[in-house]
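The values are calculated or read from the model by the stated rules, or taken from the named source; none is laboratory data. No experiment lies behind these values; they were computed from the predicted model shown. As a convention, Cβ positions derive from the backbone with ideal geometry for all residues, glycine included, and neighbour counts pool all protein chains shown.
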Amino acid sequence: MVNCPRCGTAVDVPVKTWAIPSRKPLKEGEEPRLAGIFECPKCGVRFRAAVMARGKTEEEGNIRSMVERIKGIKGELMQTLVSLREKINTLETERASLMVEIEKLRRVAEARVATLENEVSTLRNDAKSLRDLLGYREEEK
């Protein structure tokens, strides 16, 4: 990680890297020195600086970018989860209110059926009494 010379912002990944030739032969396990060109994401200035071994820097950059992507995906999933929970709650509330409304309508319909059945039986009794008064005989079936 290198800081921008103009604004001091930390810059993680170089734009380009190259090996700095060494006058001495490298010892066993020693990594070659690298230099790189960095670009500040804040002010856009390009500058040179020494960097760690190439493999580590690239791996670090890849890992950090993957971590950022994972965090972004996790945030999106959390937002989706919250919105789905809200939708589920809304649907459950709506379902409950519809069930109550259906029950009310069923009661009203049953009351109407009972009223109509009473009216029909009353009308049949009235029709029968009128036939008896007028002297009509019911035709046998």
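For the reader, a short list of remarks on this structure follows.
- Single residue of 130, 123 found to be modelled with pLDDT of 95 or more, surrounded by 10 or more Cβ atoms within 10 Å (Cβ to Cβ) and in a helix (DSSP H, G or I): 123
- Test: residue 26 is at pLDDT 85 or above, on the phi < 0 side of the Ramachandran plot and not β-branched (Val, Ile, Thr): no
- For region 5-20, the criterion of a residue being exposed (fewer than 12 other Cβ atoms within 10 Å of the Cβ) and either polar (S, T, N, Q) or in contact with a Pro (Cβ under 9 Å, 6 or more places away or on another chain) (or both) is satisfied by at least one position.
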